[in-house]
Amino acid sequence: RVLLHLASNLQEDTTCSDQEYEDMEEWALSSEVGSFGSIHVIPMCTMGRDPHCIVAEICSLLAVQQGTGRNRGKLLEKGLEQIRKSAIYTSEKHPGIEYARRQSDKVMKKLESEINCCT
């Protein structure tokens, strides 16, 4: 739900209220978000995107839409941590996860670009 909301804001060039951003950031930066067992990750890879990639993209979108806010660095850091976990699961040369690997690569490039442009 969070990913769809943020993607919609980006596409429609709209923003959330400060309270909505704060709530989403708090959720994204919580320790529970991004801790998945392989029993959850592997089946989702075959469906096109693993949960680590989804969390990484949420962190990336929050950081980008926030601009230079106070949690931007933490969001990018958590996004990188999550996309690295995603890369572990999608690095296999299995044709069933090719799409998930491409999605993970795209999010990794977005995160790296965002980090490099503003450091």
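Tabulated data
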read-out: Inter-label distance for Y99 and I39, nm, one decimal - labels placed 7 Å from Cα along Cα-to-Cβ; value: 2.6
read-out: Karplus 3J(HN,Hα) series, Hz, for segment 35-44 with 6.51 cos²θ - 1.76 cosθ + 1.60 (x for Gly, Pro); value: 9, 10, x, 4, 5, 8, 6, 4, x, 6
read-out: Residues of the chain: accessible area per residue with a 1.4 Å probe, Å²; value: 60
read-out: For the chain, calculated [θ]222 nm from helices alone, where every DSSP H run of n ≥ 4 adds -39500 (n - 2.57); value: -23500 deg cm²/dmol
read-out: Global form of the chain, assessed from the alpha-carbon gyration tensor, a/c cut-off 1.5; value: prolate
read-out: Whole-percent carbon and sulfur share, accessible surface of the chain, 1.4 Å; value: 54
read-out: Sum of side-chain charges, D105 neighbourhood, beta-carbon under 11 Å (Lys, Arg +1; Asp, Glu -1); value: +3
read-out: Local net charge near Y21, Cβ-Cβ under 13 Å (Lys/Arg +1, Asp/Glu -1); value: -4
read-out: Residue-count net charge about C45 - beta-carbon cut-off 11 Å; Lys, Arg +1, Asp, Glu -1; value: -1
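The values are calculated or read from the model by the stated rules, or taken from the named source; none is laboratory data. Not measured: the values here are computed from a predicted model. All Cβ positions, even for glycine, are placed from backbone atoms using ideal geometry, and neighbour counts span all protein chains on display. Only protein heavy atoms, including side chains, enter the accessible area calculation; ligands, DNA and RNA are left aside. Shrake-Rupley method; radii C 1.70, N 1.55, O 1.52, S 1.80 Å.
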